[in-house]
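As structure tokens, the structure follows; a few thoughts come after it.
The values are calculated or read from the model by the stated rules, or taken from the named source; none is laboratory data. Note that the coordinates shown come from a computational prediction; the quantities given were computed from them, not determined experimentally. Heads up, the Cβs are rebuilt from the backbone with ideal geometry, glycines too, and the neighbour counts pull from every protein chain shown. Heavy atoms of the whole protein, side chains included, go into the accessibility calculation; ligands, DNA and RNA do not. Shrake-Rupley method; radii C 1.70, N 1.55, O 1.52, S 1.80 Å.
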Amino acid sequence: MATVYFYTLYERIWHWLQAALILLLVLTGLEVHLPGTVRVFGFAGAINVHNVLGFILIGNAFLAFFYHLSTGKIRQYLPEPKDFVSLAIKQALYYARGIFRGEPHPVEKDPDRKLNPLQKITYLAILNILLPLQMITGLLIWGAQRWPGAVQAVGGLRPLAFVHSVGAWIFFAFVVMHIYLTTTGRTPLSNMKEMIFGWGETHGK
């Protein structure tokens, strides 16, 4: 085993801030849709908090994009053509049965390759489809009074709210699955410790 530095301070701050924002956005969104059932900030307060959190999420997303692009770390999220399909199948089989048999991970994690093929596909979809969709629909809902023409061009507030709500539930489901998968490292808490302290262990080459 070798002790290596997996995550920079910025990556860890971004990760935990993003997680907190998503969970709080889901909570405030629930209060907006179910004001009689969920009572935390109050209806008006939930709307205001939701809007502020949404703009912070957008700012955090753009900062993360600039960071990953300028440092070259964006390559971590791009699938590698070589053996991609075979490795993705092996990873899927590991999640389906290998993990319950105590088999080793088919893709060894290291600082230059933190994501397995299935994670890369998932993050590409989240970052390039779901997150922009949430940002655009959220901005249009927030700016419905400012840009009525744009809102009507996409069918009005009702379909916008529906798409935004579905996206929120997909995000929530992703967070739940993400939390579960953090327990599938060398030990149930090893991945969590890496994202808190930055350091982790890997097999030496």
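Brief remarks follow.
- Flag for Phe55 being exposed (fewer than 12 other Cβ atoms within 10 Å of the Cβ), among the aromatic types (Phe, Trp, Tyr) and at pLDDT 90 or above: no
- Screening Phe172 against (1) over 18 Å from Thr28 (Cα atoms); (2) crowded, with 16+ Cβ neighbours inside 10 Å; (3) within 15 Å of the chain's Cα centre (by Cα) leaves a single unmet condition, (1).
- Among the residues of the range 72-93, those identified as surrounded by 13 or more Cβ atoms within 10 Å (Cβ to Cβ), out of contact with any strand residue (DSSP E or B) (no Cβ under 8 Å at 6 or more places or on another chain) and either over 21 Å from Gly185 (Cβ atoms) or not charged (D, E, K, R) (or both) are Ile74, Tyr77, Pro79, Phe84, Leu87, Ala88, Ile89, Gln91, Ala92, Leu93.
- Residues of the range 1-40 satisfying the condition of being assigned to a helix (DSSP H, G or I), among the hydrophobic types (A, V, I, L, M, F, W, C) and in contact (Cβ under 8 Å) with a residue 40 or more places away in the chain: Leu9, Trp14, Trp16, Leu17, Ala19, Ile22, Leu23, Leu25, Val26
- Summed over the range 126-142, residues that are closer than 22 Å to Met195 by Cα and open to solvent by 40 Å² or more (accessible area, probe 1.4 Å) total 1.
- As a summary of the residue check, Ala96 satisfies the conditions (1) over 22 Å from Phe174 (Cα atoms); (2) open to solvent by 50 Å² or more (accessible area, probe 1.4 Å); (3) without any contact (Cβ under 8 Å) to a residue 24 or more places away in the chain except for the one numbered (1).
- Subset of the range 58-71 (residues that are open to solvent by 60 Å² or more (accessible area, probe 1.4 Å) and over 26 Å from Leu118 (Cβ atoms)): Phe62, Leu63, Phe66, Ser70
- Residue selected from the range 188-205 under the condition modelled with pLDDT of 85 or more, open to solvent by less than 70 Å² (accessible area, probe 1.4 Å) and more than 18 Å from the chain's Cα centre (by Cα), by the criterion farthest from Ile22 (Cα to Cα): Gly200
- Looking only at residues of the range 101-126 that are hydrophobic (A, V, I, L, M, F, W, C) and touching a Phe, Trp or Tyr at 6+ places or on another chain (Cβ under 7 Å), we find that the one that is farthest from His178 (Cα to Cα) is Leu124.
- Verdict on Pro106 being surrounded by 11 or more Cβ atoms within 10 Å (Cβ to Cβ) and touching a Lys or Arg at 6+ places or on another chain (Cβ under 6 Å): yes
- Qualifying position, being under 30 Å from Tyr5 (Cα atoms) and part of a loop (DSSP other than H, G, I, E, B), among Leu115, Leu124: Leu115
- Residue list for the range 18-45, restricted to those being open to solvent by less than 50 Å² (accessible area, probe 1.4 Å) and of a type in the set (S, T, N, Q): Gln18, Thr28
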